[in-house]
Each structure stands twice: as structure tokens, then as C-alpha cells.
Amino acid sequence: MALRDRGVEIKSPEQILAMRRAGLVVGRTLELLRAAVRPGVSTGELDAIAEDAIRSAGATPSFLGYHGFPGSICTSVNDEVVHGIPGERVLLDGDLVSIDCGAIVDGWHGDAAVTVAVGTVSGDLLALMAVTEESLWRGIAAARISGRVTDISHAVETYVRASGGYGILEDYVGHGIGSRMHMPPNVPNVGRPGRGPRLVPGLALAVEPMVTLGTHETVLLEDDWTVVTTDGSRAAHYEHTFALTPDGVWVLTALDGGEARLAELGVPFGGR
Ligand code: MG
Ligand code: MG
């Protein structure tokens, strides 16, 4: 995994504002989808809701047509970790569905994901979701001006490992984001701190821990998209896009900019 500074895009304050607009479209769309998830709904119906919400906001779905991807969101159910294709599949009581969403406003991208329980799910799944989401916030909170990218990786891994015997995907990682959805640098979810590009104002990253109840090993299904665990264990996936500003951290895909969670974690809020 390349962790060099090469190709790292530094945004102006105006460009970060444009990314905030894209991030809010993503955040609001995910809230709509979270509310729409229930037993009996199909992943294709969720995709239609998402595309309508994104386009109604004057934005463009990032995922639709990306390397040929046929949906506006990824919907990954149960042992599917990421990149599931929305379609006929009907969600059942007790399922977990991870929804990944991206939007473009004026050429700038936002990218975020949530895992949602369908109906009533077991306690171990609720714990998996809580651990994965918290690890995302711990990772974001570890991003400090003049730190390094793998400070984030280390914080994610440390929190997950301390929480139990979970698997953390290593073959799929977070990423730089801005004028493209996927840009340097990679943001791994495991690793030693203090490595990779320096964290500076104007940097924007998508952090996205993918955590399972079993193995960290995955295989690609024959559709060439869907990533599933090799042992069939269930997975969760949470993601936010954040930017560093001279004042601190601004979580561009969180409706409140991350202000509440960052305050709990003692991190300066860099938004407006
Ligand atoms: Mg994503
Ligand atoms: Mg992403």
C-alpha cells in the first residue's frame, strides 16, 4: 500500500466548503435510507431512494457507473462486507445491511457508510455495529495537525482489538478524497502509528473500518464486486469523509459536522 505523499491533494477553504455540500447530501441520504430499512424492503428500493435523494439535491451519485458499478449505493448484507450490488434481494428480520453512499457536488466528492439492523438483530451484531462505528470515530479523533496518516489506522485497530476477537479487513482501506472519490493516500485500518503522509490543513480523508465477527479474510463473488467473508461471518462497515482545517477536524458527511462526537473525544472541531 502506497503511503507516500505523492498525489495527495490539498484543498483550499473554498474547496472544503464544496466538499461539505457533497458531504451533507451523502449524510442526509444515509439518514433517509436508515429510516427506510425494514424487513421486506429490497436493496433495489433503497438504491432508488438514494438516487432520487442525491439527484433532488442537485448532486450526482459517485458510485453509479464507477468502473461500471450499476447502483447509486452499495448494499452489503450479512457476510457481505462491502461493494454489494443493490437489486432484488429482500431484507429479512435479523439481517445487517451496510449502505455505502457517495455524491458529487460541483466536482467535489463525499463518501460515507453506515450499517443498519433490519428489524431485531442479535446482541453480538449490535455489539459489532457499535464497535465498528466507535472505531471510526476513534480513528478520526486521532487525526491531528502535524500527525501522520497511520495514527488513524492505529487508533482504529487499537479500539477494535481492545473490544474483542473481531476481524479487521486489511485488503480494503480508507482513502484520500476530493476532486476524485478515491485518491492517495490509503488509510489502512490497522498498523503502527507515525507513518505515511503528514496530516496538514486542507487534507481530506475517508476513514472506513470494515469489521467482522470472525475472519479478516475475504473473497470476491462472481459478480466481480461483492466482497464476502471467507468464513461466512457477519460484517459491519462505517465511513465518514473528514477534512482537516486550521481549527481542527470537520466531519463533512456528519450532519453536525461531527461536533458532538468530537467534543466527547476531546478533539477540536474544525468546521463552521
Ligand atoms: Mg464509501
Ligand atoms: Mg470510501
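Which of Ala18, Ala155, Ala130 moves the most in a Gaussian network model of the chain with Cα springs under 10 Å? Maximum fluctuation in the GNM of the chain, among the listed residues, is at Ala130.
Remark: spin-label model distance Leu255-Ser179 equals 3.3 nm, labels positioned 7 Å along the Cα→Cβ axis.
The label point for Arg192 and the one for Thr158, both projected 7 Å from the Cα toward the Cβ, are 1.5 nm apart. In the chain, helical runs assigned H by DSSP with n ≥ 4 each contribute -39500 (n - 2.57); averaged across all residues and rounded to the nearest 500, the mean residue ellipticity at 222 nm is -9500 deg cm²/dmol.
Using a simple charge model, +1 on the beta-carbon of Lys and Arg, -1 on the beta-carbon of Asp and Glu, nothing else, what dipole does the chain show about its Cα centre, in debye to the nearest 20? Before the final figure, lay out each step's value.
On the way: 21 positive and 34 negative charges, 235 e Å.
With only Lys, Arg, Asp and Glu charged at Cβ, the dipole is about 1120 debye.
Relative contact order for the chain using alpha-carbon pairs under 8 Å, separation at least 6, rounded to a whole percent? Mind showing how you got there, number by number?
Working: 735 pairs, mean separation 60.7, N = 272.
Relative contact order, the chain: 22 percent.
Run the Debye formula on the Cα coordinates of the chain, all scatterers equal and no solvent, and tell me log10 I(q)/I(0) at q = 0.12 1/Å. Calculated log10 I(q)/I(0) at the listed q: -0.65.
Read the figures in this text as sums done on the coordinates, not as results from a lab. Keep in mind that this is a model prediction, so the values were computed, not measured. We place every Cβ from the backbone using ideal geometry, glycine too, and count neighbours over all the protein chains shown.
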